[in-house]
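Trainee: Got a structure for you, questions after.
Each reported figure results from applying straightforward, stated rules to the coordinates on display, with no laboratory input. None of these values were measured; they are calculated from a predicted model. Every residue, glycine as well, gets a Cβ built from its backbone with ideal geometry; the counts of neighbours run over all protein chains shown.
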Amino acid sequence: MSSNEKLAIAAHLHVLMRRKTGRVTDTECMASDPAYAAEIIRLAHQKAAEGGHDDLGLLADRLEAAMAVAFAPAYRPLAQRVSDAARAHHARALDGQPTPPFEPSGNSTFGDSRSGTDGTQRPSAPRYVKGLR
């Protein structure tokens, strides 16, 4: 199922949840984050059973079916991904493995701080702050 279809189902569920229960949801998050969608689906089923809102339960079932994609990668928040990358970087540093240095791409609008005003390279010139005049 495409992401547009998931978003459409999530938007419809959002409207029903707002009308029937007064609950405001995040449709984009519901369509992209399986954990958030699962919680909203659980809540929608609970409210459907309590209030007799069959349409709410049916739409929650549709969203659940849309989110059940085989072998879908688990969603990890950005903070989690950054934290994992920092841990891996730190572990490489502790193991004595060299970390790749930052290399400018060469297409900067500011130019290389190691080159002189005439464009010739100054190999012994310090970079960045000390190279600025």
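Trainee: Using the 10 angstrom Cβ neighbour count as an exposure proxy, how do Asp26, Asp33 rank, fewest first?
Mentor: Asp26, Asp33
Trainee: If you don't mind, there's one more thing I want to ask. Could you tell me the calculated FRET efficiency between His12 and Arg92, based on Cβ-Cβ distance and R0 = 41 angstrom, to the nearest 0.05? Write down the numbers at each step before the final one.
Mentor: Numbers: r = 47 Å, r/R0 = 1.14.
Result of the calculation: an efficiency of 0.30.
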